[in-house]
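I have placed the structure first, in the form of structure tokens, so that the comments after it can refer back to it.
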Amino acid sequence: MEGWDPQNLILPEVGKLCRSQSEYLDQHFKTQKDVSSSSTSSSCLLSEWTKHFSDYDNRLLHLRTTLMDRTLSWISSSFRAKASLSNLNLTLSASSQYGTALKRLLGEELRLLALQLHRIHFIRQYVETALRLEALVGDLEDVVFSSGNHRPGNMFAKFSTLLTSQDFGVKEEKLLKAIKAMNDVEEIIVNVQKSQQWHHLFKSVDHRVDKTLAILRPEALAEHRALLASFGWPPKLLASKVESGGLSKLLNPLLLMHGNEKKSYAQSFHVLCTLQQLHSRREARKFKTLGQKECEIRLWAIDELVTPLAVRMEYHFVKWAEQPEFMFALVYRVTRDFMEGVSDILQPLIDAARLTSYGANEAWVSAMVHILSGFLTKNVFPALAERYKEKDMKLEVISLWLHLVDLIVAFDKQMQSLLRYETCLLFPDAQRRGISVLIVFCDRPDWLKIWAKMELKDGWKKLKAVLKDAKAWQIDDKHRVDFDVSTICETFLLSSREAHKAPFVAESALKIAQEMIDRCQTLPDILSRAKFVRSTVARFFWYFSNVLLLHCRNAELPPEELDGSAFVRACESINAARYVESKLQEWSDDASFLEMTIAESNSNMQEQHQGFYDDCFFEEEIKCLAELETNWLMEIIAVLLRQFENLTLEYNHTEDSNAFIEALQSLKSQLHVLKKNLNGKDFLDLWRSVADGLDHFICGSILGGDVKFSKKQSNEFGTDMQALFLVFQPFCARPEAFFPCIRDILKLLAMSGEEVKHLLVGKKSEKYMQSYGISHLRFDQVEKTLRKLKF
């Protein structure tokens, strides 16, 4: 304290002193005189501060000494422990098997000790979490059950009495306070679940919070309903006529709110949205961790607008039981007329509440659709399903049912047109379920089955009507390709019905199937949609393939009587099958069918459809049509080859070129008919297969016959083969390339005696024969051919 002089101190500015310091100085220095060093007050304060400084200095010195002593003590203990462990380790290492056993025992004890410490830490963490949750849940219950009586029978009554006895601001405050407490509880559970799975603790907490929610939600909804009723909701559904003769738009009370009404509604809406956000969060967590069923959650505030509307609408629905189109018209009109208020008033409130994944327009449309689907589920379809069981009523029920489905499909398109196209594509599956009235079939598979039977029967009826038309199997004459010997190449990229040369009946069948697909497009559940398409479209094409098969069989005639008309009938079926097959492949590549394929593979339905490939929805139907094409193409090829064989029997024995020319003329005329009536791709396969068959047939006839070839006969055979090549000249630039065996035989017949001798005595290898240009005949065939030559 020596050398310390208060006069030399620089005092801080008054504004930088804290409140307690200012009060202390004001208390001891009330006047200017108190500040002087000669005053009694200043002397007393100086003595007091000197004593305090000395005391603090002594305490600091004592703390330093104590810290030094304890540090030295700890270091000493650490050294002794380290020395003891080292000695123990040396002793155990120097001892016999008893020392090894002791080491193992000590290691086991340390492991158990670590486990016990971990267990103690786990218990401590559990207790701390349980206490925190208990405190939060207790606060929540205190907010809700403000009375000391906690009997379950009195919970709702006491809370309701409390709310109705105070103004709305107090009610909102208490609700938001309870919601905040529940959010805090949820936050702790979510954070703890990342590392611990205390199911019983969380289940107990959830049970208590759910009991509280069971009270808060009805109370909040009741308050909201009372508020809606206070400004005239629901409005009248039928508007009066205006001077122009039309109907005026329905008055929307949402747009008529002003001042305190609008503020109170916004507050109530905010409470409901906040409560629903909490509920959604809890349900998502339960679904993820506890395996509970995920709930489809609509917007509660929108539902409260729609519920009273539903009561008024159902009054009109009952009167229009025989005129269902009026039901759909009323729901659409109410939905459309109130969309402006919903979008302008409610969407900003939803955004302010930060309720993600919800849109006011989508929730409004979904809730209105739910009104109609609910009425149809309870009052319309059950009666129709019962009447369908009666044989006398089936035709009438089918007509009514399909008419109702037509109205539903048109109504769904209208309702979805009220929403922006891009938002329709982004609907989550759970929300999209509410945008279609066809959801009634997703929840009732028996009704879906009845509907599919009706659609299939109706489609088959339409197809039979088409088949009765004389033009059903006709092909547009302008798209028939005439035989043209100058044709060198042709494009086989088929797309349209005309390019496939398919008859009108194929296009009609596809249109009927497309109508079935379009009618189920708004089915919200993908698996239900897949089941419907399997039961209707897939079966319909099985029936259609039988029609094509029967049409082909009616064309069957013995080969010797086969004429152009029989070939034309077979071509009509093949072309129709090819065209339908290409369309089914195109449909299967569509995104909607890929979704159905994936949904089937992920469900139990894959056990019923194990024959289907994952990448093609109509795999079995395509396979059936492809088999029909292949079988009847092979039948036509076999007929052409048998006819050629029958007509060339005399040529094979006598080498009469006239018989061969007659066979070529018949083949040429038949190929002309086939080219004109068969689609390009199948005709390409057909003529190449015929050429291959003729190549092997003629080669086999020469090798198996007894005919000897002189120079003259070899030239005549070459001329006949050139005539054969000319038959196929219109289909390719080098037809001889498709007759490799005949080409080799012509090379052999053109050899000189010296070449024949060298070839017969040479090496019997492929490379040796290839040096003479022979690549498709074996050596024994070459030898047999050469021995038929006469020089």
Within region 737-747, is even one residue open to solvent by 40 Å² or more (accessible area, probe 1.4 Å) and either free of Cβ contacts under 8 Å to residues at least 12 places away in the same chain or in contact with a Ser or Thr (Cβ under 8 Å, 6 or more places away or on another chain) (or both)? yes
Of the conditions (1) over 23 Å from GLY693 (Cβ atoms); (2) at pLDDT 90 or above; (3) open to solvent by less than 40 Å² (accessible area, probe 1.4 Å), LEU594 satisfies every one except a single condition; which number is it? (3)
Looking at region 748-761, can you tell me whether even one residue there is closer than 17 Å to TYR651 by Cα, buried (at least 19 other Cβ atoms within 10 Å of the Cβ) and at pLDDT 85 or above? no
Do the conditions hold for LEU649, that is, is it touching a residue at least 12 places away in the same chain (Cβ under 8 Å) and out of contact with any Asp or Glu (no Cβ under 6 Å at 6 or more places or on another chain)? no
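Would you confirm, using the coordinates I've provided, whether LYS51 is modelled with pLDDT under 75, among the charged types (D, E, K, R) and either outside the structural domain of THR212 (by the TED database) or surrounded by 10 or more Cβ atoms within 10 Å (Cβ to Cβ) (or both)? Please lay out each step first, then the result.
Details: modelled with pLDDT under 75: no; among the charged types (D, E, K, R): yes; either outside the structural domain of THR212 (by the TED database) or surrounded by 10 or more Cβ atoms within 10 Å (Cβ to Cβ) (or both): yes.
Considered against the rule, which asks whether it is modelled with pLDDT under 75, among the charged types (D, E, K, R) and either outside the structural domain of THR212 (by the TED database) or surrounded by 10 or more Cβ atoms within 10 Å (Cβ to Cβ) (or both), LYS51 comes out as no.
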Looking at region 210-245 only, could you name the residues that are at pLDDT below 85, touching a Phe, Trp or Tyr at 6+ places or on another chain (Cβ under 8 Å) and open to solvent by 30 Å² or more (accessible area, probe 1.4 Å)? none
Only one of (1) of a type outside the set (S, T, N, Q); (2) in contact with a helix residue (DSSP H, G or I) (Cβ under 9 Å, 6 or more places away or on another chain); (3) surrounded by 12 or more Cβ atoms within 10 Å (Cβ to Cβ); (4) modelled with pLDDT of 85 or more fails for GLU187. Which number is that? (2)
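At pLDDT 95 or above, part of a helix (DSSP H, G or I) and either in contact with a helix residue (DSSP H, G or I) (Cβ under 7 Å, 6 or more places away or on another chain) or of a type in the set (A, V, I, L, M, F, W, C) (or both), is that true of ALA570? Walk me through it before giving the result.
Values: at pLDDT 95 or above: no; part of a helix (DSSP H, G or I): yes; either in contact with a helix residue (DSSP H, G or I) (Cβ under 7 Å, 6 or more places away or on another chain) or of a type in the set (A, V, I, L, M, F, W, C) (or both): yes.
It is false that ALA570 is at pLDDT 95 or above, part of a helix (DSSP H, G or I) and either in contact with a helix residue (DSSP H, G or I) (Cβ under 7 Å, 6 or more places away or on another chain) or of a type in the set (A, V, I, L, M, F, W, C) (or both).
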Being among the aromatic types (Phe, Trp, Tyr) and within 60 Å of the chain's Cα centre (by Cα) narrows PHE644, PHE709, PHE717 down to just PHE644
Quick check on SER264: is it modelled with pLDDT under 90 and in a helix (DSSP H, G or I)? yes
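The values are calculated or read from the model by the stated rules, or taken from the named source; none is laboratory data. Not measured: the values here are computed from a predicted model. Here the Cβ is made from the backbone with ideal geometry for all residues, glycine too, and neighbour counts use every protein chain on show. SASA here: full protein model, heavy atoms, side chains in, ligands and nucleic acids out. Shrake-Rupley method; radii C 1.70, N 1.55, O 1.52, S 1.80 Å.
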